[in-house]
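Just below is one structure, and these are the notes that go with it.
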Amino acid sequence: MPRTLRTVDSAVALLELFDADHTEWRLSDLARHLGQPTSTVHEALGTLAASGLLTRVGRGRYQLGWRLLKLSSALYGSLPWYAPAHAAMERVARATHLLAFLCVQDGSRVLCIARSVQGRDGPPVAGELDFELPGHATASGKLLLALSRQPLPSPALPFTPQTVQTPATWAAQAAVIRAAGYAQTADEWAPGTASLAVPVRGAHGGVLCALGVSLPTSRLQGRETLLRTLCAAAEEVSWALGFRPRLAAGSGPGLGAAAGPAETPERGHTPDP
């Protein structure tokens, strides 16, 4: 890898360490966490601070910089669906007392673009801080890949014995997801962790994002109640965005079954069906 790309990758890895649970880092802690010399990390921090991507708040202490807020505002402005979907995510978290999230598909990748501030009063679940999620082992990933008719990701890492491993198994699961309109996992990314996800659709039926929750596997016994809450929130957002589902007899509880094939929307508008 060229040196310039390595430098960019290092800067991205450093910035990704800042999140809702780690809003401030010390130089020494960053160096220890990254396993890099203090001098190397100090140089990177100085460059990022000079560009406005980080700001120094004390001796050896750093927070995210204002330039990132400007960039994020521009991104959110190009996604008119983000604000109502984010508000729905927080409502789901308050109603269920679970960690709720929004995920999008970026090619073959599944990215978690938002997590609820509330809803974390239960035991920890896998992936609470991850940005890129394993598409074959999470409910949001399975939902987005199934609705866009994507094959099993390669490599499909076997996180647990329950993780889907073969194209034939994935094809069968994807067909069930498309028919039901939602996706579910249980102990597929980590033992004891489950997830549920439903689609949020734009005016023409394209899938904008997945709205879901992570929960202890033991709580799947209340799946029907959780699904009703998720579907009601997703349907409210989709309706506000102009989606009018074509109701079909025998369709599942979510938005995916009646709307036909899903599409990945470009930023700022919803796609044609």
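The values are calculated or read from the model by the stated rules, or taken from the named source; none is laboratory data. These numbers were taken from a predicted model, which means no experiment stands behind them. Methodologically, a virtual Cβ is constructed for each residue, glycine included, from the backbone with ideal geometry; neighbour enumeration extends over all protein chains shown. Note: areas computed on protein heavy atoms with side chains; ligands, DNA, RNA excluded. Shrake-Rupley method; radii C 1.70, N 1.55, O 1.52, S 1.80 Å.
Okay, here's what the table says:
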{"read-out": "The stretch 209-233, residues that are open to solvent by less than 50 Å² (accessible area, probe 1.4 Å), of a type outside the set (S, T, N, Q) and closer than 18 Å to S116 by Cα", "value": "C209, A210, L211, G212, V213, L215, P216, L226, L227, L230, C231, A233"}
{"read-out": "Residue within the stretch 137-155 that is hydroxyl-bearing (S, T, Y) and over 19 Å from the mean Cα position of the chain (by Cα) present", "value": "yes"}
{"read-out": "Total residues in the stretch 59-74, condition at negative phi and either in a loop (DSSP other than H, G, I, E, B) or without any contact (Cβ under 8 Å) to a residue 12 or more places away in the chain (or both)", "value": "8"}
{"read-out": "Which numbered condition S39 misses (of (1) at pLDDT 90 or above; (2) open to solvent by less than 70 Å² (accessible area, probe 1.4 Å); (3) among the small types (G, A, S))", "value": "(2)"}
{"read-out": "Flag if Q184 is modelled with pLDDT of 95 or more, outside any helix (DSSP H, G or I) and surrounded by fewer than 17 Cβ atoms within 10 Å (Cβ to Cβ)", "value": "no"}
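Yes or no, residue by residue, for (1) farther than 25 Å from L211 by Cα; (2) modelled with pLDDT of 90 or more; (3) surrounded by fewer than 15 Cβ atoms within 10 Å (Cβ to Cβ):
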site: T4; (1), (2), (3): yes, no, yes
site: L17; (1), (2), (3): no, no, yes
site: A50; (1), (2), (3): yes, yes, yes
site: T55; (1), (2), (3): yes, yes, no
site: G77; (1), (2), (3): no, no, yes
site: A85; (1), (2), (3): no, yes, no
site: L99; (1), (2), (3): no, yes, no
site: L102; (1), (2), (3): no, yes, no
site: G107; (1), (2), (3): no, no, yes
